[in-house]
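Worksheet: one structure, shown below.
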Amino acid sequence: MYEPILSKPKSFFETYKEKTGDQTITHYCPGCGHGIVHKYVASALDELNLTDRAIFVSPVGCSVFGYYYFNTGNLQAAHGRAPAVATGSKRVNPDSIVISYQGDGDLAAIGTAEIIHAANRGELITVIFINNAIYGMTGGQMAPTTLVGQKTTTTPRGRDPHNEGYPVKMCELISQLNAPIYVERVALNNAANRAKAKRAIKKALKLQSERKGFTFVEVLSQCPTGWKVDAPDALKWIEEKMIPYYPVKVFKDTSNEAEPYPEAKEIISGEKVFEILGIKRDEKKEETIKYEIPEKYKNPRIKIAGFGGQGVLLLGVALAQVGMMEGYNVTWIPSYGPEMRGGTANCSVNISDSLIGSPVVEKPTILVAMNKPSMEKFEKDMVSGGILFYNTAMIDTEPQRDDIIKVPVPATKIASDLGNIRVGNMVMLGAIIEKTKLLPLETVKSGFEYFISRKNLIPLNEKAVEAGMNYIKENNL
Amino acid sequence: MSKELLKGNYAVIKGALLAGCVAYFGYPITPASEIAEAAAYYFPLAGRTFVQAESEIASINMVYGAAGAGVRCMTASSGPGISLKQEGISYIAGSELPCVIVDVMRGGPGLGNIAPEQGDYHQVVKGGGHGNYKCAVYAPNSAQEMCDLTYKAFETAEKYRNPVFVLADGFIGQMMEQVEFGKLDPVTPKKLDWGVHGTADSKNLINSIYLDPDELEAHNRKLQEKYKKMEENEAMFETYKTEDADIVLIGYGITSRILRTVVDEARKAGIKAGLFRPITLWPLAKDELNKLKNSAKKFFVVEMSNGQLVEDIRLVVEGKIPVEFHGRMGGNVPTVDEVLEITKKLS
Ligand SMILES: Cc1ncc(C[n+]2csc(CCOP(=O)(O)OP(=O)(O)O)c2C)c(N)n1
């Protein structure tokens, strides 16, 4: 009897069934570093007993076929996007062990944003970064990590810093960020360094399993095919050329101090979701109209306009909210965008006993003009017989039309007398409901909680509405 | 009150949570930002994931990762962001993953402006990414439908394992209306069996590579079969007064609301006008359009674009009756009067 002392890690498939051609050997070129690093990842998963929880993200690059080999969950990602894919996967699989395995083109060129931000968010993933100073998969073009002077198919005269810049040092960059807890660069050039590489990968995965934080291991890895050298010379090239530029060391290790991330929160479902969304589900189906709007003002198409800051949008929301509470169909549309900032703001409100077609009020039956430019802009659009409420505290001219009802209200002045000019909009609301009986005061009052977000301001708003109503009554308007 | 006065953009998120969506990955952009803001507020309260990504590219790839677990997840953006997402959407379609993508359209091309437009029809309905794929596209025209069609989009996405769009315009996103929540049942989130969950019994593969041309062709044929089924089963539309209509107005989103008013006004002026409103832009309700092209004398398509839906309408009509077009761009919304005037001229 004998026991095997060297065997294939169990985190690898026995035979590579997804692979075309010979299913017992990998697709990597002879002498390539990828296979070695794959083995370190697989053994680490075996030793840490993490195989079943592991999700391997294969990038675009030579390791695009990582899923041929790893007997784990497998996601293949678009070029450079592996850290984002890993983020999405880990966030919804909080107990999994997610490995983003990437080449240098993938990670340090096209995917620069994704790696930096996954690291910066401190995603609970492990990134294995294969730095082989070349684009292997596409046939030996320059990588962001290609050394100065190094010849590739796209730097035929050698990498020239004036044209291509300098090789990117990712460990140096990543270790500047707060969130990562472990950043190490290792190399595959000799037995001692390979042992370190194996340990680093295992440590990173272990830290992930302890929910400690983002871990990053860069591996200086040989690409004899891309470098156009034989395997032994490739190892020498790592030692002589790469290591002097890319120092092999631990750049950051705060794993001892790092507190484990809190466990993921439980997902809430069922009826409780309604509670969270602030929706009270009641049994009654169709809500019928409760308050009859006087015939003359039925189905109003309302335009409200003024300066940004005069609360014209909120006045519109108030009318829509209260209309809805009385059982009407309502719409509210703001003029949004640049118009909202500084200049005039306006909104369209419909309150209707039937389905509302166009929500845009082109010809208002009710116009509320809080300032002069608004009256000038919209008075001419009003329907004949419409009603215009205009803020005489801000408008020193008279309306032009003779075929409309004109209601002058010094809204801003009344509001200022109440101690806050910002409630001029609610003064107008009071004037509107008193003059037109469009909506009942009681419902306006019970609507406050929906459209006034600062609850302590509700009494003041209520006073403003009443002041507006009184103004109409007292002046027999 | 099970009714709420709500912006369309907020209604999307309430619908999504009720549909059992567990993760939202987004990046801010006007006029879609309220969707991300609502998700940022509500998702964590329900133990679900919200991540503001570094870009739309990252956010759609996070969706890929989460969808790869067989859970319901989503993202939202507007034109410039949707352009960036197209690569990821192609991968999602190729890997047969379900997800919901909301596009609240703004003016383009380029940075354009933030006012409402419908110029993303081509990039969304035709599939703006590479390869032979299709996405179902729902086009809500009210805040209620922003909720209901988002909810429905999750079902369709999951049923076919395919990305599904909710294509709205700035107005539908920014408009507040009453939204009734009484009818939607909250879906309990689950992880589907084919997904990668990081467990011993979910060692699945999510992938869109097929090196062998025959295998890739077979994969593509399978996708086309799926799209055929979607065409057969998922088309939705609404008609208004089309039974005796001589002229059928056609539009989606905010435009369809304006057209409905135009139909009423035109009828007052003695014109037999009707409205066909596609609720799904793909698949398009071809049977109904074929019926209408036999009963009506003329189609009149109105869009807030240079004429994109109209191309597909013309394909269905095959020259049988005239298909007229009126488009506004740049964020201008066609007025009832302007469309009515043209309708009168065309009648
Ligand atoms: C968007 C996109 N651009 C370009 C490619 C082509 N491509 C495939 S692999 C690769 C380079 C990968 O190089 P690297 O990440 O260094 O990995 P290696 O092959 O060296 O392991 C490129 C550019 C692609 N698949 N997708």
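With all protein chains kept in place, the per residue accessible area of chain A amounts to 43 square angstrom at a probe of 1.4 angstrom. Around the amide H of B:Val166, modelled in the peptide plane, lie the amide H atoms of B:Ile101, B:Val102, B:Asp103, B:Tyr138, all under 5 Å away and 5 or more residues distant in sequence or on another chain.
Just to verify a number: FRET efficiency for A:Thr138 and A:Asn476, C-beta to C-beta distance, R0 = 51 Å, to 0.05? Walk me through the numbers on the way to the answer.
On the way: r = 84 Å, r/R0 = 1.66.
Computed FRET efficiency for A:Thr138 and A:Asn476 comes out at 0.05.
Using only side-chain charges placed at the Cβ, +1 for Lys and Arg and -1 for Asp and Glu, the dipole size of the protein assembly as shown relative to its Cα centre rounds to 680 debye.
Carbon and sulfur: what percent of the protein assembly as shown's accessible surface (1.4 Å probe)? Percent of accessible area from carbon and sulfur atoms in the protein assembly as shown: 52. Projecting the Cα atoms of B:Gly70, B:Ser59, B:Gly20 onto the charge dipole of the range B:1-99 (Cβ charges, centred on the Cα centre) puts B:Gly20 farthest toward the positive pole. Determine the shape class of the range A:37-123: with a ≥ b ≥ c the square roots of the Cα gyration tensor eigenvalues, call it rounded for a/c under 1.5, and otherwise prolate if a/b is greater than b/c, oblate otherwise. Because a/c hits 1.5 or more and a/b fails to exceed b/c, the range A:37-123 counts as oblate. Shape class of the range B:304-347 from the alpha-carbon gyration tensor: oblate, with a/c at 1.5 or above and b/c at least as large as a/b. Per residue, the solvent-accessible area of chain B (1.4 Å probe, heavy atoms of protein chains only, all protein chains present) comes to 33 Å².
Kindly identify residues of the range A:37-55 having a loss of at least 40 Å² in accessible area between the isolated chain and the assembly of all protein chains, probe radius 1.4 Å. Residues passing the criterion (a loss of at least 40 Å², heavy atoms only) are A:Asp52. When the other protein chains are added to the chain by itself, burial of at least 20 square angstrom of heavy-atom accessible area (probe 1.4 Å, ligands and nucleic acids ignored) affects these residues of the range A:60-77: A:Phe65, A:Tyr67, A:Asn71, A:Thr72, A:Gly73, A:Asn74, A:Leu75, A:Gln76.
Distant-in-sequence amide contacts of A:Ser58, defined by a placed amide H-H separation under 5 Å and a gap of 5 or more residues or a different chain, comprise A:Leu75, A:Gln76, A:Ala77. Computed 3J(HN,Hα) for the range A:235-252, one whole-Hz value per residue from the Karplus formula 6.51 cos²θ - 1.76 cosθ + 1.60 where θ = phi - 60°, is 5, 5, 5, 4, 5, 7, 9, 7, 4, x, 8, 10, x, 8, 5, 7, 8, 7, glycine and proline marked x.
Considering only DSSP beta bridges with both partners in the protein assembly as shown, what is the antiparallel share in %, to the nearest 5?
So the antiparallel bridges amount to about 30 percent of the total.
Ordered by solvent-accessible area of protein heavy atoms (1.4 Å probe), largest first, the residues B:Trp282, B:Trp194 come out as B:Trp194, B:Trp282.
Subtract the Cα-Cα distance of A:Glu442 and A:Lys249 from 0.36 nm times their separation in residues, and report this length gain in nm to one decimal.
Details: separation 193, 0.36 × 193 = 69.48 nm, distance 7.30 nm.
Stretched fully, the A:Glu442-A:Lys249 segment lengthens by 62.2 nm.
The C-alpha atoms of the range A:34-253 occupy a region whose extents along the principal axes are 49, 33, 32 Å, arranged from largest to smallest. Computed over the range B:3-233, the alpha-carbon pair-distance distribution with 10 angstrom bins reads 9, 35, 38, 16, 3, 0, each value a whole percent. For A:Thr392 and B:Lys222, the FRET efficiency from 1/(1 + (r/R0)^6), where r spans their Cβ atoms and R0 equals 45 Å, is about 0.05. For chain B, a Gaussian network of Cα nodes joined below 10 Å ranks B:Arg267, B:Arg161, B:Arg72 by mean-square fluctuation, and the top entry is B:Arg267.
Calculated [222 nm] ellipticity per residue, helices only, for chain A: -9000 deg cm²/dmol; basis is -39500 (n - 2.57) per DSSP H run with n ≥ 4, divided by all residues, nearest 500.
Provide the percentage of antiparallel DSSP beta bridges, counting only those with both residues in the range B:3-233; round to the nearest 5.
Percent antiparallel among DSSP bridges in the range B:3-233 is about 25.
Between B:Glu243 and A:Arg199, the modelled labels are 8.5 nm apart [label points 7 Å from Cα along Cα→Cβ].
Here's how it looks for A:Arg301: its modeled amide H is under 5 Å from those of A:Thr365, A:Ile366, which are all 5 or more places away or on a different chain. Against chain A, whose longest principal axis is taken from its Cα atoms, helix A:458-474 shows a tilt of about 30°.
Summarising the strand pairing of the range A:280-474, around 50 percent of its internal DSSP beta bridges are antiparallel. Each residue of the range A:315-329 was assigned a 3J(HN,Hα) from its phi angle through the Karplus curve 6.51 cos²θ - 1.76 cosθ + 1.60 (θ = phi - 60°); the sequence is 4, x, 4, 4, 4, 5, 4, 5, x, 4, 5, 8, x, 8, 6 Hz, with glycine and proline shown as x.
Quick check: from the Cα gyration tensor, does the protein assembly as shown come out rounded (a/c under 1.5), prolate or oblate? Present the calculation step by step, with values, prior to reporting the outcome.
Working: a/c = 2.45, a/b = 1.95, b/c = 1.26.
Judged from the Cα gyration tensor, the protein assembly as shown comes out prolate (a/c at least 1.5, a/b above b/c).
Backbone geometry of the range B:84-90 corresponds, through the Karplus equation with coefficients 6.51, -1.76 and 1.60 at θ = phi - 60°, to 3J(HN,Hα) couplings of 5, 6, 4, 4, x, 5, 4 Hz, x marking Gly and Pro. Buried area at the B:A interface is about 6200 square angstrom, summed over both chains, from accessible surfaces computed with a 1.4 angstrom probe. Interface burial in the range B:177-219, defined as at least 40 Å² less accessible area with all protein chains than with the chain alone at a 1.4 Å probe, covers B:Gln178, B:Pro186, B:Val196, B:Gly198, B:Lys203, B:Leu205, B:Ile209, B:Leu211.
Considering only protein heavy atoms, with the full assembly of protein chains and a 1.4 angstrom probe, order A:Ser100, A:Ser416, B:Ser55 by accessible area, largest first. Working shown, then result.
On the way: A:Ser100 0, A:Ser416 60, B:Ser55 20 Å².
So, going from the largest accessible area down, we get A:Ser416, B:Ser55, A:Ser100.
Per-residue ellipticity at 222 nm computed for chain B from its helices equals -13000 deg cm²/dmol, with DSSP H segments shorter than 4 residues left out and the rest contributing -39,500 (n - 2.57). Pairs from the table (A:Lys303/B:Lys344; A:Lys280/B:Lys203; B:Lys14/B:Lys159; A:Lys435/B:Lys272) lying more than 30 angstrom apart at Cα are A:Lys280/B:Lys203; A:Lys435/B:Lys272.
In nm, give the distance between the simple-model label positions of B:Lys183 and B:Asn294, each being 7 Å from the Cα along the Cα-to-Cβ direction. So the two model labels end up 3.0 nm from each other. Counting only protein chain heavy atoms and rolling a 1.4 Å probe, the accessible areas of A:Asp95, A:Asp160 rank, largest first, as A:Asp95, A:Asp160.
The values are calculated or read from the model by the stated rules, or taken from the named source; none is laboratory data. Not measured: the values here are computed from a predicted model. Ideal geometry is used to build each Cβ from the backbone, glycine not excepted, and the neighbour counts take in all protein chains shown. Side chains included, ligands, DNA and RNA excluded: accessible areas come from the protein's heavy atoms. Shrake-Rupley method; radii C 1.70, N 1.55, O 1.52, S 1.80 Å.
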